[in-house]
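A quick write-up on the structure given underneath.
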Amino acid sequence: MTLPHPGHPAAVPILALEDILLVTLQGELHDAMAEQLQQDVAHRVAGGAATGVVIDLSGVGIVDSFLGRVIAEIAAGARLLAARTVLCGMRPAVAITLVELGLTLPGLVTTLDVERALELLRHGACAAPGGPEGGT
């Protein structure tokens, strides 16, 4: 798990579940937290310990263009480092807001919950990194 860094007391926890990183977003994500999260995920994937990343949005009630961009950037960085990303736990209101903002997150696989996301990553149901991916 990622421990808070000095000056970043509210770091987003990253849990390692074998070779999959689980990032659970809760509440608001501020600039410094978002930057630290992107770096933490990239370093963990680049270290060879992770082949997949699950971003759980079940604790997020409101999504704005900033959060949408952060999610897209984390997924793009992981993809460049040969890891697949699955977004899960999105509430209907969040999905509607993302679409209204024009942030459809193309190429990002989505599932309803963490269990299904882990299953997709563990059983290779997602397309290879950099390839076309579909949602469920």
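Derivation of every value follows stated rules applied to the coordinates shown; laboratory data play no part. Bear in mind that the values here come from a model prediction, so they are computed numbers and not experimental data.
Side notes on the structure shown:
- The amide H of VAL86, built 1.01 Å from its N in the peptide plane, has VAL53, VAL54, ILE55 as neighbours under 5 Å, considering only residues 5 or more places off or on other chains.
- Full extension of the chain between GLU119 and GLN26 yields a length gain of 31.2 nm, computed as 0.36 nm times the residue separation minus the alpha carbon distance.
- Cα point-scatterer Debye curve for segment 50-115, base-10 log of I(q)/I(0) at q = 0.12, 0.13, 0.21 Å⁻¹: -0.27, -0.32, -0.83
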